[in-house]
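Structure first, commentary second.
The values are calculated or read from the model by the stated rules, or taken from the named source; none is laboratory data. A quick note: this is a predicted structure, and the numbers were derived from the prediction, not measured. Positions of Cβ are generated from backbone atoms using ideal geometry, with glycine treated the same way; all protein chains shown enter the neighbour counts. We work out accessible area using only protein heavy atoms, side chains counted, and drop any ligands, DNA or RNA first. Shrake-Rupley method; radii C 1.70, N 1.55, O 1.52, S 1.80 Å.
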Amino acid sequence: MDIVVHFSAQLKQELGISTARVALRETASTTDLVERLAEQYGKQFESFALDHDGRLLPSILLCINGTQVERNQSHALSASDEVHFVSAISGG
């Protein structure tokens, strides 16, 4: 199945894209998606999104179809899902 993934803020800037289509197996989860993105984008994704154990950083919000989910818990995905990786923005 294909999942539509949206990136914002620093992730969008670092990867040079705001949206990607990611092919996953039919029974994939958000954990599988994060692993695939790390494989596909390597250090560009990892340095802005993952800690040294491969988990999403606290500064990354994960939303499925507009609803925020716990970032380091596995959530089942469906072919029609859109996943947003929202990185925190600081400043005044």
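Quick notes
- Listed by first and then second residue, the pairs with beta-carbon distance under 7 Å, at least 6 apart or on different chains, first residue in segment 1-27 and farther than 14 Å from Glu39 by Cβ, second surrounded by 17 or more Cβ atoms within 10 Å (Cβ to Cβ) and among the polar types (S, T, N, Q), are Ser8/Ser87; Ala9/Ser87; Gln10/Ser87; Leu11/Ser87.
- Residues of segment 57-92 satisfying the condition of being touching a residue at least 24 places away in the same chain (Cβ under 8 Å) and outside any loop (DSSP other than H, G, I, E, B): Ile60, Leu61, Leu62, Ile64, Val69, Ala76, Glu82, Val83, His84, Phe85, Val86, Ser87
- The listed residue being closer than 18 Å to Gln13 by Cβ and of a type in the set (A, V, I, L, M, F, W, C), out of Leu62, Leu33, Leu50, Leu24: Leu50
- Check on Glu14, acidic (Asp, Glu) and in a helix (DSSP H, G or I): yes
- If the condition is being outside any helix (DSSP H, G or I), open to solvent by 70 Å² or more (accessible area, probe 1.4 Å) and of a type in the set (Ser, Thr, Tyr), then segment 20-54 contributes only Thr27.
- Residue count, segment 1-45 (criterion: under 13 Å from Glu82 (Cα atoms) and among the hydroxyl-bearing types (Ser, Thr, Tyr)): 4
- Among the residues of segment 55-67, those that are open to solvent by 80 Å² or more (accessible area, probe 1.4 Å) and at pLDDT below 95 comprise Arg55, Pro58.
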